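Before any comments, here is the structure.
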Number of protein chains: 4
Amino acid sequence: MSLRIIATGGTFDKQYDPLTGQLVFGDSVIPSALARARITVPCQFEPLMAIDSLDMLDSHRQQILAACERSNERHIVVVHGTDTLRETAMVLGQAKLPKTIVLTGAMVPYRIDESDALFNLGFACAAATLCEPGVHVAMNAQVFPWHAVHKNRSAGVFEAQ
Amino acid sequence: MSLRIIATGGTFDKQYDPLTGQLVFGDSVIPSALARARITVPCQFEPLMAIDSLDMLDSHRQQILAACERSNERHIVVVHGTDTLRETAMVLGQAKLPKTIVLTGAMVPYRIDESDALFNLGFACAAATLCEPGVHVAMNAQVFPWHAVHKNRSAGVFEAQ
Amino acid sequence: MSLRIIATGGTFDKQYDPLTGQLVFGDSVIPSALARARITVPCQFEPLMAIDSLDMLDSHRQQILAACERSNERHIVVVHGTDTLRETAMVLGQAKLPKTIVLTGAMVPYRIDESDALFNLGFACAAATLCEPGVHVAMNAQVFPWHAVHKNRSAGVFEAQ
Amino acid sequence: MSLRIIATGGTFDKQYDPLTGQLVFGDSVIPSALARARITVPCQFEPLMAIDSLDMLDSHRQQILAACERSNERHIVVVHGTDTLRETAMVLGQAKLPKTIVLTGAMVPYRIDESDALFNLGFACAAATLCEPGVHVAMNAQVFPWHAVHKNRSAGVFEAQ
């Protein structure tokens, strides 16, 4: 068993820029999250892109699909913005790759107090290890199939659909 | 699907006492960790005991087994000290309950910088959701069967045995 | 000796809103910062307003001045956004109140990793305790007089002028 | 104006050792605290020793006194364990050096949630900048003279004596 973790940006990876007062992308926080988690499973980290999921175009989703296709690891976690996480899950799901792909994200950036990011990353790593091949969304301590999940934006949680 | 999370103490739940300068047990940190994780899956939290796993006696392990037996939830996470986590896993494993029981812990307390606790809790919740009935140990982003795992104390990691 | 701490908003007090992904104002973080600091000096906390200092109008500065005037405490810390901290310092300085008023802020919000907020609050409390009556700006571990300080925006630090 | 910050150990600098489960000393946290504080005042950091203040002998206090004597900076912060902070303050105070020396510490280590360390460091840096030459203890947002302070151990605070 080995894992690939693909970073695409999203709230999980947003960091504060003291000069502009904005939340922006820098080097991904995921390597330091994995070090902290003391993981011993073989794991490749791939910083593919760093964008807000609201800014994601079809071309970005095709890039993510291509990264999953070329991955030597058959257990993949994609860290993604939550707003269009479902759309990317659909693109990956329809491709029917013979791999277990788990998309996750965060409602609060890793670097901000009371973030859910580290919990979600742990949950997603286990789901990517244990689920059948296919595409799954892991949020709120639940695993949803790619074709039956949506984000309830007013509640800030993912729900079965 | 619903989860039960049983706290038994261990490093995960150690907190600093400013008056004595010692790491001690107080109210479990797990409810605040679960709130932070924004879980929506039905989940019962049971603070069963709060002890160092080095201080755990057979009677404590029998209490943990009894808690798993009487649990209405069939997916159970036991948060436990790492030093004798394997011994408790053996007691639970030999009982062959028709439930999925996942033991986890932490190498660094939840309340201390760079703790692995939240990652491990997320990983264990997914493992408890997804694994077959039986007893499993979830540490270092790996799932080990109860009868084939040990803690490498000099490296501070769990390994297959 | 007793202190008054007046909150006006600014980066120090910005908090992340998971639903909008924005940094916004909620209840001030200052009471929890003071509890954490274990202060024993008598201290009144006054949440006067919660705005970005770039949005501050003359009327806001007059409100801050009025709060300093009516303060029974003669040692006052004003927590303020850094962008127009100097402008408010000038309004307060020209009023020549017989009180020690120290303005401080933060380059990174209190609730975000590696924030300078708690250091600055500690520094400002000491400056408000120890400085002569007058208006001072405390940032970057320095005390500047109100009429001779500016923010170097490209470096993100306050400098003597 | 320039500062010297002398580390001697104490709760402020205690760090968790995952292998032993103990709070121990490693590289001082003070350089990272100062970086985070974005200080621009010239500042020398001197890691003199790293011991629990309960283990401090007369010879250690003489070393601290010698470090203060040879310091080119006339504004000095000594970060010290709280249990015998007063004893060291007395040794330094009786030496009547023509320098401003401020001793501070923490009730909760810097690396543990809700630590007072960063506040105290900020407070002490301001006190070392602003106080008259002499030896002072800065804790709980108060400045105490060296000869009239004691730690109330049951309350965990410093008090005038």
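The values are calculated or read from the model by the stated rules, or taken from the named source; none is laboratory data. Computed from a prediction, not measured in an experiment: that's the story for all the values here. In this analysis, Cβ positions are derived from the backbone assuming ideal geometry, glycine residues included, and neighbour counts consider all displayed protein chains. Surface areas here come from the heavy atoms of the whole protein model, side chains and all, with no ligands, DNA or RNA. Shrake-Rupley method; radii C 1.70, N 1.55, O 1.52, S 1.80 Å.
The table that follows gives values for the structure above.
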quantity	calculated
A:ARG38 of a type in the set (Lys, Arg) and within 17 Å of A:LEU103 (Cα to Cα)	no
Residue match in segment B:15-25 (condition: surrounded by 19 or more Cβ atoms within 10 Å (Cβ to Cβ), away from every other protein chain (no Cβ under 14 Å) and closer than 27 Å to B:ASP113 by Cα)	no
Residues (in contact with a Phe, Trp or Tyr (Cβ under 9 Å, 6 or more places away or on another chain), more than 12 Å from chain A (Cβ to nearest Cβ) and open to solvent by 40 Å² or more (accessible area, probe 1.4 Å)) located in segment B:27-50	B:PRO31, B:ALA50
Test: residue in segment C:56-66 that is open to solvent by less than 10 Å² (accessible area, probe 1.4 Å) and away from every other protein chain (no Cβ under 14 Å)	yes
Count of segment C:1-14 residues which are at pLDDT 95 or above and in a loop (DSSP other than H, G, I, E, B)	3
Residue in segment A:132-151 that is under 21 Å from A:ALA35 (Cβ atoms), surrounded by fewer than 19 Cβ atoms within 10 Å (Cβ to Cβ) and not aromatic (Phe, Trp, Tyr) present	no
Of all residues making up segment A:15-48, the number that are outside any helix (DSSP H, G or I) and over 13 Å from the mean Cα position of the chain (by Cα)	21
Among (1) in contact (Cβ under 8 Å) with a residue 12 or more places away in the chain; (2) over 25 Å from B:VAL41 (Cα atoms); (3) in a helix (DSSP H, G or I), the one test that B:SER59 misses	(1)
Counted residues, segment C:95-122 - those being touching a Ser or Thr at 6+ places or on another chain (Cβ under 7 Å) and under 12 Å from C:VAL143 (Cβ atoms)	2
Test: D:ALA117 is hydrophobic (A, V, I, L, M, F, W, C), open to solvent by less than 10 Å² (accessible area, probe 1.4 Å) and free of Cβ contacts under 8 Å to residues at least 60 places away in the same chain	no
Filter result (among the basic types (Lys, Arg) and either open to solvent by less than 10 Å² (accessible area, probe 1.4 Å) or in a helix (DSSP H, G or I) (or both)) within segment A:67-80	A:ARG70
Total residues in segment D:28-42, condition touching a residue at least 12 places away in the same chain (Cβ under 8 Å) and touching a helix residue (DSSP H, G or I) at 6+ places or on another chain (Cβ under 9 Å)	9
Test: A:GLU73 is on the phi > 0 side of the Ramachandran plot, at pLDDT 95 or above and not polar (S, T, N, Q)	no
